[in-house]
Amino acid sequence: MAYSTDSDSDFVSTVVPTKNTKKKKRLEKKKRHYVSDSSSSQSDTSESETSTTESDEYDDESDEEIYVKKRTGDRKYVKGVTKIKEAKRKMNSGDNRAAIKKQKTVKEQKTVKDILKELPSINIRLTPGLMTDAVSYLTSEQKDWVKRMGFKAFLKINIKSIPLKLCHFVLEHYDEGTNSILIKGKRIKIKKEKIHKVFGLPRTGKSLFDLDMVSEDHQVFDGLMKELEGGKAHATNYKKIIQKSEQVDMNFKLGFIALFVNTFAESIPMGTNNLVPVRALIEVDDISKINWCAYLLYCVKNSKGRWCPDNPKCYYRGPMLLLLLIYCDEIECKLQKIECKTPLVTMWTTDKLKERQYFEIEAGGFGVGNLIKQSSNLEREKNENQDTRIVVYSK
């Protein structure tokens, strides 16, 4: 056995056997067994020869015993750690680093919900759910009047709320100067034909702005205001008038018009309602001869300038649902499978619009889809007559 030459008294030398050292000891044990069974004379010769042979066979630098210097009473090795232990330590530390890195990567990955929480939202005053609730109470006679006036699609509406994150994105990319939604080189022009495609409203006829308004003390208008609960002109009270009406009287007609205008067209500041169209239509017998698409086009152009996205208390007062449905019809979303038909407002539901918002984020973000090639004018007219067009976005 060899001994350390270190003179420090607080260190002791320890022999750490290597793999070759253990093999050498086994061979020496076999040699002693062989010598004990042989004669003494042969044993001397054999032992000398064997010792010489084995010594020559294992006399190699790689077989030298490795001395580990160890501080007395301390578990920490100061030097001389074997290569095997060193390799294991590096391997383990490498695995730990990889595991920690993987854990951080998983932790840093954001879900669609996390991304949506960080996106800006929008405040709106026009809630389509009020119309959805109101039409569910109509009688057969009232439904017939709604159809004759060109508002047939609103009898089938099933949208109570709209995705406000996607709405913010669409409105932010709407340019009132060109009257278009502009997204990364894609341009969606807002036209009367597209408004008709969304709501199915009349796109020809007399302009609403060419009509004369009656005064506020007009008998019919005053009668409507007296029917409003608390004398407050807001959409909830119009819905109540519609729900409690059992026939097609003036209050029902004006209540329906007021609800439509302040839900799908425009409202005015401070939460009050726009009653200008109501006062203009009081003396009009057939409102189906009004160009409603032209009126909505006016509302789209003139509502963006009043919206202040940086002010959290500012409300957008224009036709948000109209812009949203035009966007969804023009920009494809490959992750959503849906059967398309016109008017578009009868196709979309609250759940489908929420899915659209979710799928767009999952696909890479809002507005990343391509423009959908729309049918020609002839095909469009044919589809509108059939009231159905099949377009499938497959998963």
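Read-outs throughout are calculated quantities, based only on the coordinates presented, and are distinct from any laboratory measurement. Nothing here was measured: the structure is a model prediction, and the numbers come from that model. Heads up, the Cβs are rebuilt from the backbone with ideal geometry, glycines too, and the neighbour counts pull from every protein chain shown.
Please give the FRET efficiency for SER161 paired with ASP286, using the beta carbon to beta carbon distance and R0 = 30 Å, rounded to the nearest 0.05.
Working: r = 33 Å, r/R0 = 1.10.
For SER161 and ASP286, the calculated efficiency is 0.35.
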Order by protection proxy (mean Cβ within 10 Å, highest first), peptides 206-219, 256-269: 256-269, 206-219
If we sort 277-286, 153-162 on the protection proxy, mean other Cβ atoms within 10 Å, highest first, what's the order? 153-162, 277-286
Taking the Cβ of LEU211 as the centre, find all other residues whose Cβ is under 14 Å away and add up their charges (Lys, Arg: +1; Asp, Glu: -1). -2
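Where a ≥ b ≥ c are the square roots of the eigenvalues of the C-alpha gyration tensor, would you call the range 265-334 rounded, which needs a/c under 1.5, or, failing that, prolate if a/b is larger than b/c, or oblate? Walk me through the intermediate numbers first.
Values: a/c = 3.06, a/b = 1.27, b/c = 2.41.
Oblate is the answer for the range 265-334, as a/c is 1.5 or above yet b/c matches or exceeds a/b.
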When averaged across all projection directions, what area in nm² does the alpha-carbon convex hull of the range 230-306 cover? 5.7
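Which pairs break 27 Å Cα to Cα here: LYS147/LYS341; LYS194/LYS337; LYS143/LYS313; LYS117/LYS352?
On the way: LYS147/LYS341 18 Å; LYS194/LYS337 22 Å; LYS143/LYS313 38 Å; LYS117/LYS352 19 Å.
Result: LYS143/LYS313 exceed 27 Å.
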For the range 106-173 and the range 196-214, what is the separation of their Cα centres, given in Å? 22
Pull up all non-local amide H partners of ALA363: gap of 5 or more, or a different chain, and H-to-H distance under 5 Å with H placed in the peptide plane. none
I need the phi-derived Karplus couplings for the range 152-165: 6.51 cos²θ - 1.76 cosθ + 1.60, θ = phi - 60°, integer Hz, Gly and Pro marked x. 4, 4, 6, 6, 10, 5, 9, 10, 9, 8, 10, x, 6, 5
Spelling it out for ILE372: with amide H atoms placed in the peptide plane at 1.01 Å from N, the residues 5 or more places away or on another chain with amide H under 5 Å from its amide H are ILE331, GLU332
